[in-house]
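J.: I'd like to ask you about the structure that follows.
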Amino acid sequence: MPVNASPEYGHAEKEYHLAKTTEEKIEKLKKMLSVAPKHKSSENLIKQLRTRLKKFQGEIERAKKLSKSRGGKTGIKKSEMQAVIIGVTNSGKSSLLSLLTNARPKISEINFETTRAILGMMPYQGTQIQLIEIPAIDSEFYDKGTVYTADSVIILIQNLEELKKIESLLQTNGKEIVVLTKSDLLSELEKRRLEATLKSKYKNYEFVFISCIAREGIGDLKEKIFKSFNKIRVYTKEPRKEKSNNPLVLEPEANVKEVAEKILKGFSEKVKETKIWGPSSKFPGQKVGLQHKLKDLDIVEFKTR
Ligand SMILES: Nc1nc2c(ncn2[C@@H]2O[C@H](COP(=O)(O)OP(=O)(O)OP(=O)(O)O)[C@@H](O)[C@H]2O)c(=O)[nH]1
Ligand SMILES: [Mg+2]
């Protein structure tokens, strides 16, 4: 810590070192800069922090450009919620993709069966999530680029040794979810031990036990995947009609204007009156303006001229 640094700075610095994704690091660096001591002797520190911030911002820009221009190496165009499934060969990636999505990859006990990225769509409470199986991390076809740009990474493991190995190779900007699969092959005691180790040594990870054969933990996993994207769902409706079946997917705290513009570009200018129901409303049917910030599972009604 620099001289005369405030406790806020110390706190921000600690959080920065705990940050896992580049996005989080950027956020924490900004926080550090905002609370850094502003005197002559800390000029160097501030310079260093700014350089680091620029470097991380550059990384994100490059990754975004790469995935936009080529759809990654895979030719898959990224949607608003994308997770990749990674793991060593035979860990059960194809089995999981097949269980969660419409994709039908070949499942087999032969090693390195999957040799290219496979896309499946997972429906979740009216939304659609892209799930991609990547060839095994220990295969020559492992696709670093797609893993780097995905919003979330499902680390599929059968034991802790695999997690250690994957951790040492993994580079990503996405949220990480550790999924311990084939739990049908574990005794209760083994499960409890693994859980205890994960809770104490891998505190920063979300984790879940599943079995594709016994179909255990699947609902829990789906929810964790959706939550990892940190998006909100907003239903729209027309006056005197039912709400839409499929919610729009937006960034947290998106406002009414963004919802209108997502329906149709320029639509917000045609809106005469907006009413809302749900978590962000003070009472059902509250009238709000275009700047009103929404919450997950709100319903928005637009009346047009
Ligand atoms: N007991 C048990 N076996 C499973 C489970 N999930 C997958 N398997 C078996 O594990 C083997 C490998 O499954 P895959 O889904 O093909 O594994 P993968 O990770 O896609 O393998 P590669 O693409 O070849 O690297 C198959 O024999 C599956 O039947 C599970 O939950 N429990
Ligand atoms: Mg496979």
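J.: Which fully enclosed strands (runs of 3 or more DSSP E) of segment 191-272 have 1 or more residues being out of contact with any helix residue (DSSP H, G or I) (no Cβ under 6 Å at 6 or more places or on another chain)? I'd like the intermediate steps shown before the answer.
T.: Values: elements: 206-209, 232-237, 248-250.
Once the strands (runs of 3 or more DSSP E) in segment 191-272 are filtered for at least 1 residues that are out of contact with any helix residue (DSSP H, G or I) (no Cβ under 6 Å at 6 or more places or on another chain), what remains is 232-237, 248-250.
J.: I'd like to know if segment 28-43 contains one or more residues that are modelled with pLDDT under 85, surrounded by 14 or more Cβ atoms within 10 Å (Cβ to Cβ), outside the structural domain of Tyr205 (by TED's automatic domain parsing) and within 22 Å of the chain's Cα centre (by Cα).
T.: No, there is no match, as no residue in segment 28-43 is modelled with pLDDT under 85, surrounded by 14 or more Cβ atoms within 10 Å (Cβ to Cβ), outside the structural domain of Tyr205 (by TED's automatic domain parsing) and within 22 Å of the chain's Cα centre (by Cα).
J.: Filter segment 106-138 for residues that are surrounded by 15 or more Cβ atoms within 10 Å (Cβ to Cβ), touching a residue at least 40 places away in the same chain (Cβ under 8 Å) and assigned to a loop (DSSP other than H, G, I, E, B) and give the result.
T.: Ala117, Ile134, Ala136, Ile137, Asp138
J.: Could you list all residues from segment 163-172 that are surrounded by 12 or more Cβ atoms within 10 Å (Cβ to Cβ) and either outside the structural domain of Tyr148 (by TED's automatic domain parsing) or within 18 Å of the chain's Cα centre (by Cα) (or both)?
T.: Matches in segment 163-172: Glu167, Leu170, Thr172.
J.: Would you check which residues across segment 114-136 are more than 16 Å from ligand 2 (Cβ to nearest atom) and in contact with a Leu (Cβ under 7 Å, 6 or more places away or on another chain) and list them?
T.: Step one: of segment 114-136, the residues more than 16 Å from ligand 2 (Cβ to nearest atom) are 121-130.
If the condition is that a residue be more than 16 Å from ligand 2 (Cβ to nearest atom) and in contact with a Leu (Cβ under 7 Å, 6 or more places away or on another chain), then Met122, Gln130 are the ones that fit.
J.: On to the next question. Among the residues in segment 295-304, are any free of Cβ contacts under 8 Å to residues at least 60 places away in the same chain and outside any strand (DSSP E or B)?
T.: Taking segment 295-304 first, the residues free of Cβ contacts under 8 Å to residues at least 60 places away in the same chain are 304.
Those still in the list that are outside any strand (DSSP E or B) too: none.
No - not one qualifying residue is present in segment 295-304.
J.: Would you confirm whether or not segment 182-200 contains a residue that is in contact (Cβ under 8 Å) with a residue 40 or more places away in the chain and either out of contact with any strand residue (DSSP E or B) (no Cβ under 7 Å at 6 or more places or on another chain) or over 30 Å from Ile276 (Cα atoms) (or both)?
T.: Yes.
J.: Pull up segment 91-104, narrow it to residues that are within 7 Å of ligand 1 (Cβ to nearest atom) and in a loop (DSSP other than H, G, I, E, B), then point me to the one that is surrounded by the most Cβ atoms within 10 Å (Cβ to Cβ).
T.: Ser91
J.: Only residues that are polar (S, T, N, Q), more than 16 Å from ligand 1 (Cβ to nearest atom) and surrounded by fewer than 19 Cβ atoms within 10 Å (Cβ to Cβ): list them for segment 173-214, please. Quick ask: steps written out before the conclusion?
T.: Taking segment 173-214 first, the residues polar (S, T, N, Q) are 173, 181, 183, 187, 197, 200, 204, 211.
Pick out the ones that are also more than 16 Å from ligand 1 (Cβ to nearest atom) and you get 173, 197, 200, 204.
Those that are polar (S, T, N, Q), more than 16 Å from ligand 1 (Cβ to nearest atom) and surrounded by fewer than 19 Cβ atoms within 10 Å (Cβ to Cβ): Thr197, Ser200, Asn204.
The values are calculated or read from the model by the stated rules, or taken from the named source; none is laboratory data. What you see is a predicted model, and the numbers here were worked out from it, not measured in a lab. Every residue, glycine as well, gets a Cβ built from its backbone with ideal geometry; the counts of neighbours run over all protein chains shown.
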